[in-house]
Amino acid sequence: MARLAVTRTLLVAALAVPAATVAAPAAAAPATIVPLTSVIPAPVEAHPIAGRDFRLGPLTVIRTQPGSAAARTVGDQLARALRPATGYPLPVLPVAPRVLPTISLLLGAADARLGDEGYRLGVDRTGITIRANQPAGLFAGTQTLRQLLPHEIDSPTTVRRPWTVAGGVIVDHPRFAYRGAMLDLARHFHTPDEIKAYVDEISRFKINHLHLHLADDQGWRIQIDSWPRLATVGGGPGTGVDGAGPGYLTKAAYRDLIRYAATRHVTIVPEIDMPGHVNAAQVAYPELTCDGVAPPPRTDTEVGYSSLCIGSETTYRFVEDVIRELAALTPGPYLHIGGDEAHATTDADYLTFQRRVLPLVAKYGKTAYGWNEIAKSPASANAVAQYWDTATTNPTVVAAAARGTKVVMSPANRAYLDMKYNPGTPLGLSWAGYIEVRTAYDWDPATHVKNLPASAILGVEAPLWSETLRDLADIEFMAFPRLPAIAELGWSPASSHNWASFAARLGGYGPRWDVHDINFYRSPQISWD
Ligand code: TNX
C-alpha cells in the first residue's frame, strides 16, 4: 500500500515536468511540500490549489520582464539564491521557450491594490509567475517564493532532493509603508560585510528600511570631509563601549552599502544623534562644547550627559555641514537627527536647537526624522517621530500628530531587539523589560498609543543597540527570531494577527536559519521543527 502511494507520487511528479528532468537524481529525500500559508510575514491572501504543484528541475529557466534592468536584477538575485542548493543552472532570460518549466517575473498589468511593493504569485504545474507593478514587488514576491521551497534551499552546498512548490495563488501587499530595522554602529562598529549580511536576512522578511545609528557618545562612524577628525578621532582606536568597537564608514563604503541595500529594496536611513549623545564629536572638536575644553573620551554606557553648545554659532555651522554632506550622500528620503535623552540640554535650549535644525534637514531636501522627543518642537510638523517610549499614552506625540508629524512605532518594551529575552540571556540590556518572542509580536502598532490615530502611523522599526554586542553572531542572536515578529506587524494585515499561527510558522522557519548558520535564539515559546 505504502509502496503503491510512493510510486504514484513519483509518477505524478514525473508527469509534471518535461521528460529530461525526470532523469535528475533528485528523488531521494521525502517530498515535503511547504504550505502556501506558512510564509512570514503572513500574506494578505493565500489560496492553495490541489494538483497544481510545480517542481523546479535542471531545465527550469527564470524569465524576467523584457526591457527592465531592475526586473533582470531581481531575476539574477533569485537565481543566485536558488543555484547553490539545487545545483541547477537556472539561466535568466528575457524570453523562455514555452516547453520549459519557467519562473516568470513580470511587471505591469498587476492589480492596482498591490501598490508599489505588492505582488501576485501564481504556481501551477508548468511554472511560477510573479507579477507586480514595480521591481520592489517582484523582489518581495521572490522572498516569498524562497520560503515556499523546502528549507534545504538555503544550503550553501548542493542537496539532492525534489524542489517542489505548492500550487495556488498568493496576493500580497504591505500594511505599512515603513518597515525598519536599526543597527547601532556607535557603541560598537559593525563592518560593511556584517551590515550587508544583516540586510540579506532582514530583506527576506520584507523589511524595507535600515536605520544606521552613526554617532553617539562613544564613537562617530561616518566620514565627514569638512570635519575630518569626527571619523579619524571619533572612530579611531579605543572608541566604542569598553574601547572595543573602533572603526568608521568611509564615504565610499557608505555609498557601496547604499547600493547593496537598494538592490535588496532596502533604503538606508542615516542618523546623527544630537544635541545630546555627542561626546565623541566633542572629543574630536572641543569647540563644540561651551567652554572649549575637550571632554574625556567615554567608553561606558551612561546616557544623557553630553550636549552641543546651543548658544554657539559654531554648533550650527557644524550641524549644517554634517547634514549637507550626509544628505548629499544619501538617496533615501529620511535624515535622522536623534534628539533623544538630551538631559544635559535645558528644555528651552532643546526647542531653540530644534527650531534651527529641523528646517535644515528640509533645506537639504530630506524629511527630518528623530526620536519621539522631537515632538516637543512645533518645528516637527513635517517630520517623522520614532516612538521609543514604553508608555501607551503620550499627549506630546498625539498633539504633534495632529499638526502633521508621522510616527514610526518602536516601543522599547516591544520592539527593542537589544532587550534580553529573559534574565538568563547572556547579551543585551533590560531597562525596558524582558522581551520574549510573544511580547515582541503581541501588540498593534496602529492602536498601541492611546488617541494616536492610525492615519499618523508610518510604520514600525526594530532598533538594535550595540552596548553589549560585538560581532554578527551577537546581532543574529538578538534579532532572530524577534525581527520577523516586528516585520509581520509591519507587513501583514491586522486581521491576520494570530500568535498561534505566527509561532507555528516561525517554528517551521528555524531550519532555514540552521542550514545557513544563523545564530538564532531558540525561544522555548516556539516548537522548532
Ligand atoms: C536608549 S532609545 C537609548 C540609547 C540606548 C538604548 C539602549 C533611545 C532613543 N536612546 O541611547 O542605546 O536605550 O537600550
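The values are calculated or read from the model by the stated rules, or taken from the named source; none is laboratory data. Keep in mind that what you see is a predicted model, and the values were worked out from it rather than measured. For neighbour counting, all protein chains shown are included, and Cβ atoms are generated from backbone atoms with ideal geometry for every residue, glycine included. Accessible surface areas use protein heavy atoms only, side chains included; no ligands, DNA or RNA. Shrake-Rupley method; radii C 1.70, N 1.55, O 1.52, S 1.80 Å.
Of (1) of a type in the set (A, V, I, L, M, F, W, C); (2) open to solvent by less than 10 Å² (accessible area, probe 1.4 Å); (3) outside the structural domain of Gln282 (by TED's automatic domain parsing); (4) assigned to a loop (DSSP other than H, G, I, E, B), Val159 satisfies all except one. Which? Just one mismatch for Val159, condition (2). Is it the case, given these coordinates, that Asp200 is charged (D, E, K, R), modelled with pLDDT of 95 or more and either in the same structural domain as Pro43 (by TED's automatic domain parsing) or surrounded by fewer than 24 Cβ atoms within 10 Å (Cβ to Cβ) (or both)? So Asp200 passes the test.
Does Arg146 satisfy the condition of being in the same structural domain as Leu82 (by TED's automatic domain parsing) and away from the ligand (no atom under 16 Å from the Cβ)? Taking the combined requirement at face value, the residue satisfies it.
When the residues of region 173-197 are narrowed to those that are within 16 Å of the ligand (Cβ to nearest atom) and part of a loop (DSSP other than H, G, I, E, B), which ends up most open to solvent (accessible area, probe 1.4 Å)? This residue is Phe189. Residue check: Ser104 meets all listed conditions (1) crowded, with 21+ Cβ neighbours inside 10 Å; (2) under 25 Å from Ser492 (Cα atoms) but one, namely (1). Looking only at region 335-351, decide whether some residue is within 12 Å of the ligand (Cβ to nearest atom) and either outside any loop (DSSP other than H, G, I, E, B) or among the aromatic types (Phe, Trp, Tyr) (or both). So far as region 335-351 goes, yes, one or more of its residues are within 12 Å of the ligand (Cβ to nearest atom) and either outside any loop (DSSP other than H, G, I, E, B) or among the aromatic types (Phe, Trp, Tyr) (or both). Residues of region 306-327 include at least one that is open to solvent by less than 30 Å² (accessible area, probe 1.4 Å), closer than 30 Å to Arg72 by Cα and touching a residue at least 12 places away in the same chain (Cβ under 8 Å). Is it true that Gly122 is within 23 Å of the chain's Cα centre (by Cα) and surrounded by 17 or more Cβ atoms within 10 Å (Cβ to Cβ)? The answer is no for Gly122.
Restricting attention to region 45-67, the residues being within 25 Å of the chain's Cα centre (by Cα) and either open to solvent by less than 50 Å² (accessible area, probe 1.4 Å) or basic (Lys, Arg) (or both) number 1.
When Met478 is tested against (1) assigned to a helix (DSSP H, G or I); (2) within 12 Å of the ligand (Cβ to nearest atom); (3) open to solvent by 10 Å² or more (accessible area, probe 1.4 Å), only condition (3) is not met. If you go through region 198-228 and keep only what is in contact with a Ser or Thr (Cβ under 7 Å, 6 or more places away or on another chain) and either closer than 20 Å to Ala462 by Cα or in a loop (DSSP other than H, G, I, E, B) (or both), you end up with Asn208, His209, Asp217, Gln218, Gln223.
Consider region 223-239 and keep the residues that are of a type outside the set (Gly, Ala, Ser) and touching an Asp or Glu at 6+ places or on another chain (Cβ under 9 Å). The one that is surrounded by the fewest Cβ atoms within 10 Å (Cβ to Cβ) is Asp225.
Checking Leu249, Leu257, Leu214 one by one, the residue that is within 15 Å of the ligand (Cβ to nearest atom), touching a Pro at 6+ places or on another chain (Cβ under 8 Å) and assigned by TED's automatic domain parsing to the domain that holds Arg470 is Leu214 and no other. Against the definition (modelled with pLDDT of 95 or more, in contact with a helix residue (DSSP H, G or I) (Cβ under 8 Å, 6 or more places away or on another chain) and basic (Lys, Arg)), how does Arg259 come out, yes or no? No, not satisfied. Restricting the search to region 229-268, which residues are outside any helix (DSSP H, G or I) and of a type in the set (Phe, Trp, Tyr)? Hit for region 229-268 is Tyr248, nothing else.
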